[in-house]
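**Q** Structure below; questions to follow.
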Amino acid sequence: MATSAPAPRRAPELEALFPDVQVAVFLTDVLLHDVELSDDERGFIERAVPGRRAEFATGRACARAAIEGLGRSAPSIPVGERRQPEWPEGVTGAITHTRREGRQFVAAVAALDPAGDIGVGIDAEVIQPLKDGVRDMLLVTAEIAMVDATEPSEHETGNIRVFSAKEAFYKAQFALTGSWVGFSDMQLTSLSGTGDLIETGAMDALEGIELPAAFRQTVTDGLVISGVVVRRRPS
């Protein structure tokens, strides 16, 4: 008899990446093929290939579980104009998914945000070599120097720490600014697992949020997982 895939599980070890914010994080390491989607969600993804549909549905399952973990409900998490999840009123969040050695990793964070003044970002990346030329696109000069100052055995992890933190920051800030931010616009200050992301220049798009933005990371099972919280600057 076939058995159904396990439901997403709560991940308190990842909730620790988001201090001082009431969050819930749920994750799974398998794709879920029997997730019931809303009409809006299904309309967005129905023409995609089966694998992409499963990734999308699994992300939505994790997101709904995270929202319910906060005591809220979300019958639908539609897709916005820029392909971002549209979270229910009073909640913000982010979704990440990746694959390593044939295994999936899908996770979502949801945070209570009654005033609409915070953004949270989560990102998971596989620790692996970057392709030629990619490192110079993702890391600024100071970050390259910081990584190169570590032991050679730590270079791959260091590169991915920078990449993952910036991806998490992008998701967090987008919730408040709706603006694109490039990899060269922010700089990581530490490879220790905690630190700040600072601006490399003055960006009008980021004037409304508090900077530097703090990040936290964990390294587990061949992945770097990053969490970032961004707050709106008081007017």
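Rule-based calculations on the coordinates, nothing more; no lab input. Just so you know, these numbers come straight off a predicted model, no measurement behind them. Cβ: placed from backbone, ideal geometry, glycine included. Neighbour counts: every protein chain shown.
**Q** Round to the nearest 0.05 the FRET efficiency obtained for residue 210 and residue 34 when R0 = 41 Å and r is the Cβ-Cβ distance.
**A** 0.50
**Q** Where the eigenvalues come from the Cα gyration tensor of the range 9-231, what are the semi-axes √(5λ) of the equivalent ellipsoid, largest first, in whole Å?
**A** Taking √(5λ) for each eigenvalue gives 28, 21, 16 Å, largest first.
**Q** How much length would be gained if the chain were fully extended between residue 180 and residue 46, taking 0.36 nm per residue of separation minus their Cα-Cα distance, in nm to one decimal?
**A** Full extension from residue 180 to residue 46 adds 45.6 nm.
**Q** Work out how much length residue 219 to residue 141 would gain on full extension: take 0.36 nm times their residue separation and subtract the Cα-Cα distance, in nm to one decimal.
**A** 25.7 nm
**Q** Using the alpha-carbon centroid of each, what span in Å lies between the range 189-212 and the range 109-154?
**A** 12
**Q** Once phi is turned into ³J(HN,Hα) by the Karplus curve 6.51 cos²θ - 1.76 cosθ + 1.60 with θ = phi - 60°, what whole-Hz value does each residue of the range 113-123 show in order, with x for glycine and proline?
**A** 8, x, 8, x, 10, 10, x, 10, x, 10, 8
**Q** Go ahead and run the numbers for FRET between residue 148 and residue 190, Cβ-Cβ distance against an R0 of 22 Å, rounding to 0.05.
**A** For R0 = 22 Å, the calculated efficiency reads 0.90.
**Q** Applying the Karplus parametrisation 6.51 cos²θ - 1.76 cosθ + 1.60 with θ = phi - 60° to the phi angles of the range 137-149, what ³J(HN,Hα) value in whole Hz is obtained for each residue in order, glycine and proline being reported as x?
**A** 7, 8, 10, 7, 4, 5, 5, 4, 5, 5, 5, 5, 7
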